[in-house]
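To keep things clear, I will list the structure first and then write my remarks on it.
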Amino acid sequence: TDYSFNVCNSLTAEWLQQEGVERFTPGHDLNMQQLTQMMHYTNGESVELILHHYMPTFYMEHCPYAAFMSKGTDVRTCGKPCRKHKASLRDFKGVDHPLKPDYACRNTMYHGIPQSSSRFIEQFKKMGIGHYRIEALYETEDELRNKITTYHRALMGSLPLNEVHSLVNVLEKHGVSEGQLMNTAVFQNRKKER
């Protein structure tokens, strides 16, 4: 099962295994402390942990590809510009967040800077986690080769873990469960005065 099953506790992991699931990916909501607690009661060989990924930020049924790149209104009349073009939304900091359509023309916006849990690799190994993966979005062949090589070297112990994130251009973080409660950014009013 993938992260979308949102396995965030050992009871859910155990139930899935009883139902015949051989391997599951923990939910993105877990922070390191929560993952550690879950792993005290979970067989690590049944866990597939994502070491590198673009965090899905939101989903929408509105299709910007059809709305702005065609004269059509839906999948039957749009001409499928999403198969020829890539689109992203740029935030106020200048970060481009890719939009990726699925087979049903729903769009997912991904955070433009991938996340990595590379600095926890030694702890993951101690927990007995047996499987790891890297999720790609729009990487070129060379970029993907670099990421795979970098993470492989980190897993094998031939690359210091504190060097991984600079080699693959990521945010150093695992999970997003802190949300706004731990956000230290100061509010900036961007509205223009009248």
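R23 falls short on exactly one of the conditions (1) within 17 Å of V7 (Cβ to Cβ); (2) buried (at least 19 other Cβ atoms within 10 Å of the Cβ), and that condition is (2). Within the stretch 92-120, being modelled with pLDDT under 85, open to solvent by less than 40 Å² (accessible area, probe 1.4 Å) and more than 13 Å from the chain's Cα centre (by Cα) holds for one residue alone: C105. Being of a type in the set (F, W, Y) and in contact (Cβ under 8 Å) with a residue 12 or more places away in the chain is the filter here; which residues of the stretch 94-110 pass it? Within the stretch 94-110, Y110 is the sole residue that qualifies.
This table checks each residue for (1) within 21 Å of V168 (Cβ to Cβ); (2) of a type in the set (V, I, T).
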position: N9; (1), (2): no, no
position: W15; (1), (2): no, no
position: R23; (1), (2): no, no
position: H28; (1), (2): yes, no
position: H53; (1), (2): yes, no
position: T57; (1), (2): yes, yes
position: P64; (1), (2): no, no
position: V75; (1), (2): no, yes
position: K86; (1), (2): yes, no
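Every listed requirement among (1) of a type in the set (S, T, N, Q); (2) more than 24 Å from N162 (Cβ to Cβ); (3) surrounded by fewer than 16 Cβ atoms within 10 Å (Cβ to Cβ) is met by N146 save one, (2). When the residues of the stretch 2-20 are filtered to those that are of a type in the set (S, T, Y) and within 15 Å of the chain's Cα centre (by Cα), the one that is surrounded by the most Cβ atoms within 10 Å (Cβ to Cβ) is Y3. Restricted to the stretch 35-74, and to residues that are open to solvent by 70 Å² or more (accessible area, probe 1.4 Å) and in contact (Cβ under 8 Å) with a residue 60 or more places away in the chain, which residue is farthest from K86 (Cα to Cα)? Going through the qualifying residues, I end up with N43.
The values are calculated or read from the model by the stated rules, or taken from the named source; none is laboratory data. All values reported here derive from a predicted model rather than from experimental measurement. As a convention, Cβ positions derive from the backbone with ideal geometry for all residues, glycine included, and neighbour counts pool all protein chains shown. SASA here: full protein model, heavy atoms, side chains in, ligands and nucleic acids out. Shrake-Rupley method; radii C 1.70, N 1.55, O 1.52, S 1.80 Å.
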